[in-house]
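The values are calculated or read from the model by the stated rules, or taken from the named source; none is laboratory data. No experiment lies behind these values; they were computed from the predicted model shown. FYI the Cβ positions are ideal-geometry reconstructions off the backbone, even for glycines, and counts take in every protein chain you see.
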Amino acid sequence: MTHPLHAVAGPTAPVEPSSYLRLTAREVDQLLERLEESVPVSPALREIPEGVGHEAVIFGDTHGDWRSTEVVARRFLERPDERMLIGLGDYVSRAPDDCAEGSVVNSLFLLDLASRYPDRVVLLQGNHETHRQIPVVPDDLPEEVDQLWGPDVERYARLVGLLERGRVAATTRSGVYLAHGGFPKAATPGDWRKNFESVSEDLLLDIVWGECGASRSKRGMGTEFTERELEEFLTRSGLHVFLRGHDPDLVGRPVFHDRCLTLHTSRTYERFGGVLCAMVPLDRPVRTTLDLRLEHLETEGKEFPVPP
């Protein structure tokens, strides 16, 4: 009998996230095979063209909080022909206690969405998705895979490989730059997009480890950017606003004269600024963060029963 997670009859809403916890080892291998056939492999920079919809639902670091991810997905699925769904990275590790095997469930749920809506779901990489190039701790994913289906290095590697198919940055024609942490600091001659032709370790340090100078968080891995450096990048690229994740102490607080906004969508960090997503216009110019609409998710401040 075919498991319902494997039946695909055109773009349909994915199943309840906790259903992934009930997959057998054989079933998850079949699911990974389907995802490997359908999740797109994309260039490092995704440029979202005009005409794809009216707005994008942008969510920040979810860190295994698949309950909050499900709420964000519902926002997108209300009008999938008119919206896009864009994640800013860090989908794994540090899950809330009521999200069993949160790294695995969150990853499979999002990858399933990306496979069903390849032109409308964009999963950018964060520092936790690029850990095979630049190690990061904690890394809960391998242990969770073993707990669910027994020790299997290949199964873990396949799941990580799917997460690595995501872009590292995206832009919208409405004027928004999206990345997990920062932007290219190197002054590449000519078109700034050339920075993304080769994803080097230096570029990853800028993009997925970059820290905002307004943040108190100093990990010491990536480069710190100032307001002047951001202004120079936005001017050079013809963009106006930077949406990012990474620094929890800045969640929901526009900085640098309303040109930079940090989002987190995990209850693990809700004490800093809530559990947020942003509705970003795609069909009209975005000049400052005031042109966006922030939403606090219904999971904020809540705990849920642990799935059996």
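Residues in the range 144-161 that are hydrophobic (A, V, I, L, M, F, W, C) and within 23 Å of P96 (Cα to Cα): V145, L148, W149, L159, V160. Scan the range 114-137 for residues that are surrounded by 21 or more Cβ atoms within 10 Å (Cβ to Cβ) and either of a type in the set (D, E, K, R) or in contact with a helix residue (DSSP H, G or I) (Cβ under 6 Å, 6 or more places away or on another chain) (or both) and jot them down. Answer for the range 114-137, where residues must be surrounded by 21 or more Cβ atoms within 10 Å (Cβ to Cβ) and either of a type in the set (D, E, K, R) or in contact with a helix residue (DSSP H, G or I) (Cβ under 6 Å, 6 or more places away or on another chain) (or both): S115, R120, V121, L123, E129, T130. Considering the conditions (1) of a type outside the set (F, W, Y); (2) over 24 Å from T172 (Cα atoms); (3) under 14 Å from the mean Cα position of the chain (by Cα), G60 is excluded by exactly one of them, (2).
Within the range 243-254, the set of residues being part of a loop (DSSP other than H, G, I, E, B) and touching a His at 6+ places or on another chain (Cβ under 6 Å) comprises G245, H246.
Taking the range 168-223 as the range and being of a type in the set (D, E, K, R) and either in a strand (DSSP E or B) or in contact (Cβ under 8 Å) with a residue 40 or more places away in the chain (or both) as the test, the residues that pass are R173, K185, R193, E197, E201, E211.
What residue, among those in the range 63-80 that are surrounded by fewer than 21 Cβ atoms within 10 Å (Cβ to Cβ) and of a type in the set (A, V, I, L, M), is nearest to the chain's Cα centre (by Cα)? Among residues in the range 63-80 that are surrounded by fewer than 21 Cβ atoms within 10 Å (Cβ to Cβ) and of a type in the set (A, V, I, L, M), the one nearest to the chain's Cα centre (by Cα) is V71. The single condition among (1) within 24 Å of E303 (Cα to Cα); (2) out of contact with any strand residue (DSSP E or B) (no Cβ under 6 Å at 6 or more places or on another chain); (3) not in a loop (DSSP other than H, G, I, E, B) that V15 does not satisfy is (3). Can you tell me which residue is farthest from G273 (Cα to Cα) among those in the range 208-238 that are surrounded by fewer than 21 Cβ atoms within 10 Å (Cβ to Cβ) and of a type in the set (A, V, I, L, M)? Looking at residues that are surrounded by fewer than 21 Cβ atoms within 10 Å (Cβ to Cβ) and of a type in the set (A, V, I, L, M), I get L234. Just to be sure, is P281 touching a strand residue (DSSP E or B) at 6+ places or on another chain (Cβ under 8 Å) and closer than 24 Å to N127 by Cβ? No; evaluated as a whole, the condition is false for this residue. Taken over the range 201-239, the residue count meeting the criterion of being modelled with pLDDT of 95 or more, touching an Asp or Glu at 6+ places or on another chain (Cβ under 9 Å) and of a type outside the set (G, A, S) is 4. Taking the stated definitions as given, is P142 surrounded by fewer than 24 Cβ atoms within 10 Å (Cβ to Cβ), assigned to a loop (DSSP other than H, G, I, E, B) and at pLDDT 95 or above? No. One residue stands out in the range 259-308 among those that are among the β-branched types (V, I, T) and in contact with a Gly (Cβ under 7 Å, 6 or more places away or on another chain): the one that is farthest from G102 (Cα to Cα), namely V286.
Give me the residue from the range 14-32 that is of a type outside the set (A, V, I, L, M, F, W, C) and over 22 Å from the mean Cα position of the chain (by Cα) and, out of that set, farthest from N106 (Cα to Cα). If we take residues in the range 14-32 being of a type outside the set (A, V, I, L, M, F, W, C) and over 22 Å from the mean Cα position of the chain (by Cα), then R26 is farthest from N106 (Cα to Cα). Residues in the range 195-224 that are charged (D, E, K, R) and closer than 16 Å to V136 by Cα: E201, D202, D206, E211, K218, R219. Within the range 255-290, the residues that satisfy the criterion of being touching a residue at least 40 places away in the same chain (Cβ under 8 Å), outside any loop (DSSP other than H, G, I, E, B) and over 18 Å from R75 (Cβ atoms) are V255, C260, T262, T268, Y269, T289. Looking across the range 81-107 at every residue that is out of contact with any helix residue (DSSP H, G or I) (no Cβ under 7 Å at 6 or more places or on another chain) and crowded, with 19+ Cβ neighbours inside 10 Å, the one that is farthest from R46 (Cα to Cα) is identified as D90. For first residues located in the range 140-155 and free of Cβ contacts under 8 Å to residues at least 60 places away in the same chain, partners that are of a type in the set (K, R) and surrounded by 14 or more Cβ atoms within 10 Å (Cβ to Cβ) and lie 6+ apart or on another chain with Cβ distances below 8 Å form the pairs V145/R155.
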